[in-house]
Every structure is written in C-alpha cells, then in structure tokens.
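Notes to accompany the following structure.
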Amino acid sequence: MNDMPDLNRKPLTVKQYLLVSSMLFGLFFGAGNLIFPIHLGQLAGAHWGLATLGFLVTAVVLPLLSVLAISVTHSEGVYDIGKPLGSAFALVFMILIHATIGPLFGTPRTATIPFSVGVQPLLPSNLGQIGLFVFSLLFFGTAFLVSYKESNIMSSVGKVLNPLFLVLLFSVFALGFLSPMGQAASQKVTAAYQSDSFFNGFLQGYNTMDALAGLAFGVTVVTAVRQLGKTSRKSNARVTAKAGVLATAMIGVIYVGLIWLGSTTLGHYKVSADGGVAFNQLVTHYLGGVGHALLATLLTVTCLTTAVGLVAAFAQDFHKHFSKVSYRQWLGFMCVASFLTANFGLEKIILWSTPMLMFLYPFAMVLILLSVFSPLFKRDSVVYAFVVVFTSVPALLDMVAAFPPVVSQSAFGKALVGFQQSVLPFASLGMDWVVPALAGAVLGLGIHFLKPVFARQSAVNTGR
C-alpha cells in the first residue's frame, strides 16, 4: 500500500493524545487484567518483583508492539498481519486469534469473572451452576441485543462507569498500602516461582490475551489516529506509539499494584484456585459487603462493555471474510457459543485456554516483531516463512505439555514432552521457541540480503 502524506500537519494536542490513550486503555483493560495479576502475586509471594517484570513484558510491552505492528504495516486487522505467508495461513491465523479471544476463552471470561467475584459468593454452593447459567444467559442476551441494534449505549455508559470503577480500584490500592494484610517480602513462594519467577511471570502474561487482542483491535486505534489527520505511516506509528506508551504505562502501574496486593493477601488467605476468588477476598476485606457489591456491579457493567466490543468485532471480521453469513447471524453464533463455554466455569476455561495460548503466543510474538521490523526487509515472505516454520514445532510441543493431565500425562504426551525437554533449549521455562525462531530469522534474513547478490551473479553469467 502506498504511503500518503498527513492531512493534518500540526502536532496533536494533549487532549487528542489522551483521547487515543483512553481508547487504547479501554480496549485492553478487561476482567482478566484484574484477576491474573492478583493470582500471580499469590503464586510468586516474596518473589513478586521478578515475576512482575516478566509479566509486564508479555502483558504490557507486547500488546503495545502489537498495535505498532498494525500501524507500521498499514494492516486492516489480524488477517493482514499473516498475509505475507499467504491468504490460507492468514485466514487460519485470524480464525484462531478470534476464536481464542472470542467464544472459546476470552469472551466467556467476561461473564464468568463478574459472576465468580460478585454473584457466586452470595449463593448457596448447590446453586452455583444454575446461578452461572442464568447470569450468563442474561449477560450474553444483553450483549447480543446491544450489538444487534448497533447501539452506543454501552460505550456511553462505559465512559461514566469505567472511571468510577478505577476510582474504587485505586481506593483498594490506597487501603492496601496504608493497611497491608502482610509484608510482601516475607510471604511464601510457590515451588514454580522459587527459581524461575521472571519466566513464570512472562508466561502468566499470556493469560491476559492482550497481545492477541492488540492484533484484533489495533486497527481501531490506528484508524482513530488517521481520523485525526495523521495518515502517513511514520507519523501514524509515532502518534500510536506515544498514545500506546501512555495507556500501557497506566495499565502497567495497575498491574504492579495488583501483583503486590496479591502477594500481601497471603498474610490472611491461602493461594486461591484462580484470581477471581482472590479478587473477591481482597475487595471484601477492605470494602466490606457494600463496597464489594458496588465494585461487583461496576465490574459486571465494564465486562459487559468489553463483551459487546468482542462480539461485535468477531461478527464484523467474520462477515467481512465469510460474507454469505450476515453480521447478525455471526453475532448470534458468537453469543450462543460464548454462553455455552461460560457454563463450564472460570476454572475450566482458564485450564483449557492455557494450551491454546502456549501454542498461539509464540506465533503472535514472532509475527508482531516481524511486522514492526518489516520495513528493514520489505516484508519479504521468505523471512516470515523461515521464522514461522521454525517456531511451529516448539509451539506445538508447548501446547501438548500445557494440556491437562488427561493429555499431557498420556503415553503420547509424555513421549512428546520428553523429546521437547531433551532436545530444545529453554523448554523447562516454556521458552523453547526462542532459539528456533532466531535461527529461522538468521536464515531468512540471510537469503533476503543475498538475493540481490545472486541476481547480479546470474545476470553476469547470462551475459557471458
């Protein structure tokens, strides 16, 4: 695509930068961004600092790079990010990304998290499943109706309730700092975090799914910047980067606070099964029943606005590529599928999402980095092909190793994991894709830069 000059040559105002940053913050910050940092703090205990650094790489830096990847390549979405590898790969990659942040894992979490935090603690244990059924039915029914009418009510409400939610959240931070439940530096560290805190924090950042969401929603931010008159690639990327740094820095501050708070909860509570339970304990401890009810209500509404955005984006993107099915039919499918998945419960959704994330994230990371640096090698498909092919084997092995015991502990699973651990460097850290990806990059770039030499030599030989 040819570059075009800026329609607006004047620098953007502070207000305009804040507008773009606010949009980016709203796109990224959802329910999972609350519960996973708290749970990480509980798992890391006294080693919360190193775990936080690892978490920030995949939960803050990588999402920012994903938005920049969209901007630098002038992409219109996930499909275009994978296009250098051919339309078939691009389509499969798009489907996998949307399925993961959509009906399989991401969107169902928008219902299960507010339920587990706000509603389930109020119900008798024997009514938990029926309660989830009714709550998720109403939740996704509302999401469908709002998206069906293409109303902006939820986004307008979100502009009011999101700030209120953040005020309450920061009030919890203030109370946590003024009256901590315990000393983070002296809390117990779980076995996995005793020696590999950074890398485990790095892998926990996958759970936010924000790098994948950045690929899906990055075009929204890039388009908003274009509408402000910054239409050239260079200036669009610069504005997107500045606004992105501001938004992700705020998210990073919240993450640090949540992880620290999570570690201090070990002074009163045991490590929870998931972050939803930990968040409920934390809020109730500091704000009591009334504060808990208010925060849970606001969390439900903010999750609903996130769900509306997710189901609408899914329907729009799939209608674009599979136009025989209407937007509203895709919307209905998305809402029904998310409702069904939500009724498996938050714990099972997290359990089964981990293998898919272990598989997808290496591909997402290498494609994001290739896209950001693509001007250096003119988006040569050869470079992309070598890196992605070399990444595919460790990504598949990571997926198998991350499956629940029914798969990972089977004879087949043990054989593959044994091969992985014995052959691939850094496999025990979940980083076994790094060396193959680097090897693929070296080979691909070598071929790219040597092609002109081979072409000139061929021309000389032909001239003879």
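The values are calculated or read from the model by the stated rules, or taken from the named source; none is laboratory data. None of the values given here were measured: they were computed from a predicted structure. Please note: Cβ atoms are built from the backbone with ideal geometry, for glycine as well, and neighbour counts cover all protein chains shown.
Looking only at helices (runs of 4 or more DSSP H) that fall completely inside the range 371-464, which ones have 2 or more residues that are within 22 Å of Gly86 (Cβ to Cβ) and among the aromatic types (Phe, Trp, Tyr)?
Here the list reads 381-402.
Looking only at the range 365-412, which residues are more than 22 Å from the chain's Cα centre (by Cα), surrounded by 17 or more Cβ atoms within 10 Å (Cβ to Cβ) and over 16 Å from Leu445 (Cα atoms)?
Ser408
How about the range 373-406: which of its residues are small (Gly, Ala, Ser) and touching a Ser or Thr at 6+ places or on another chain (Cβ under 9 Å)? Let's see the steps before the verdict.
Here is the first cut: in the range 373-406, the residues small (Gly, Ala, Ser) are 374, 381, 385, 392, 395, 401-402.
Residues satisfying the conditions are Ser374, Ala401, Ala402.
Cβ contacts < 7 Å: first residue assigned by TED's automatic domain parsing to the domain that holds Ser116 and without any contact (Cβ under 8 Å) to a residue 12 or more places away in the chain, restricted to the range 283-299; second residue surrounded by 15 or more Cβ atoms within 10 Å (Cβ to Cβ) and not in a helix (DSSP H, G or I), any location; separation 6+ or different chain. Result?
Within 7 Å, no pair qualifies.
Identify, from the list Phe115, Phe55, the residue that is under 27 Å from Ser374 (Cα atoms), aromatic (Phe, Trp, Tyr), in contact with a helix residue (DSSP H, G or I) (Cβ under 7 Å, 6 or more places away or on another chain) and in a helix (DSSP H, G or I).
Numbers: Phe115 fails: under 27 Å from Ser374 (Cα atoms).
The conditions single out Phe55.
Residue-by-condition table, conditions (1) among the polar types (S, T, N, Q); (2) under 20 Å from Leu212 (Cα atoms); (3) not assigned by TED's automatic domain parsing to the domain that holds Ile130:
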{"site": "Val301", "(1), (2), (3)": "no, no, no"}
{"site": "Gly309", "(1), (2), (3)": "no, yes, no"}
{"site": "Gln316", "(1), (2), (3)": "yes, yes, no"}
{"site": "Ser323", "(1), (2), (3)": "yes, no, no"}
{"site": "Tyr327", "(1), (2), (3)": "no, no, no"}
{"site": "Val336", "(1), (2), (3)": "no, no, no"}
{"site": "Leu340", "(1), (2), (3)": "no, no, no"}
{"site": "Pro362", "(1), (2), (3)": "no, yes, yes"}
{"site": "Ser371", "(1), (2), (3)": "yes, yes, yes"}
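I'd like the full set of residues that are β-branched (Val, Ile, Thr) and either surrounded by fewer than 22 Cβ atoms within 10 Å (Cβ to Cβ) or closer than 27 Å to Ser136 by Cα (or both), limited to the range 265-301.
Answer for the range 265-301, where residues must be β-branched (Val, Ile, Thr) and either surrounded by fewer than 22 Cβ atoms within 10 Å (Cβ to Cβ) or closer than 27 Å to Ser136 by Cα (or both): Val271, Val277, Val283, Thr284, Val290, Thr297, Thr300, Val301.
Considering Val119, Val61, which residue is surrounded by fewer than 19 Cβ atoms within 10 Å (Cβ to Cβ), in contact (Cβ under 8 Å) with a residue 24 or more places away in the chain and within 17 Å of the chain's Cα centre (by Cα)?
Exactly one of Val119, Val61 is surrounded by fewer than 19 Cβ atoms within 10 Å (Cβ to Cβ), in contact (Cβ under 8 Å) with a residue 24 or more places away in the chain and within 17 Å of the chain's Cα centre (by Cα), namely Val61.
Could you tell me which numbered condition Trp48 fails, if it satisfies all but one of (1) in contact with a Ser or Thr (Cβ under 6 Å, 6 or more places away or on another chain); (2) surrounded by fewer than 22 Cβ atoms within 10 Å (Cβ to Cβ); (3) of a type in the set (Phe, Trp, Tyr)?
With respect to (1) in contact with a Ser or Thr (Cβ under 6 Å, 6 or more places away or on another chain); (2) surrounded by fewer than 22 Cβ atoms within 10 Å (Cβ to Cβ); (3) of a type in the set (Phe, Trp, Tyr), Trp48 is out only on (2).
Which one of these does Ser195 not meet: (1) without any contact (Cβ under 8 Å) to a residue 12 or more places away in the chain; (2) among the polar types (S, T, N, Q); (3) closer than 14 Å to Asp6 by Cα?
So Ser195 meets the others, but not (3).
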